[in-house]
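What follows is a single structure, written as structure tokens, with notes after it.
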Amino acid sequence: MINQVRHVLVGFRKSVGSQQIVADDLGISRQYLSAIEKGNRNPTVKLMVEMSNYFGVSERNLFPDLFLQTNATN
């Protein structure tokens, strides 16, 4: 089952094409991309930035589970 917070990543990937197409474009294996989408693996910082640029969306939006949530009040 796909981790809830990775649905955004899956949606962007599906808008481009198959896992194989996106993995080839990013220079990673399809299996690694699948594990990232499922939340079983996390991307490196470099890959996170590359994916952000590839999909044209911020790292925080693609991987909200990897960023701290703060409830700061002013």
Considering each of ASN53, ASN61 in turn, give the residue that is at pLDDT below 95 and either open to solvent by 70 Å² or more (accessible area, probe 1.4 Å) or small (Gly, Ala, Ser) (or both).
ASN61
In this structure, is ALA72 at pLDDT below 95 and aliphatic (A, V, I, L, M)?
yes
Can you pull out the residues in the range 4-44 that are open to solvent by 50 Å² or more (accessible area, probe 1.4 Å), over 14 Å from LEU66 (Cα atoms) and among the β-branched types (Val, Ile, Thr)?
VAL16, ILE21
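Results for (1) within 9 Å of the chain's Cα centre (by Cα); (2) outside any helix (DSSP H, G or I); (3) at pLDDT below 95, shown as yes or no for each residue.
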residue	(1), (2), (3)
ARG6	yes, no, yes
LYS14	no, no, no
ALA23	no, no, no
PRO43	yes, yes, no
LYS46	no, no, no
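The values are calculated or read from the model by the stated rules, or taken from the named source; none is laboratory data. These numbers were taken from a predicted model, which means no experiment stands behind them. These area figures cover heavy atoms from the full protein model, side chains too; ligands, DNA and RNA do not enter into them. Shrake-Rupley method; radii C 1.70, N 1.55, O 1.52, S 1.80 Å.
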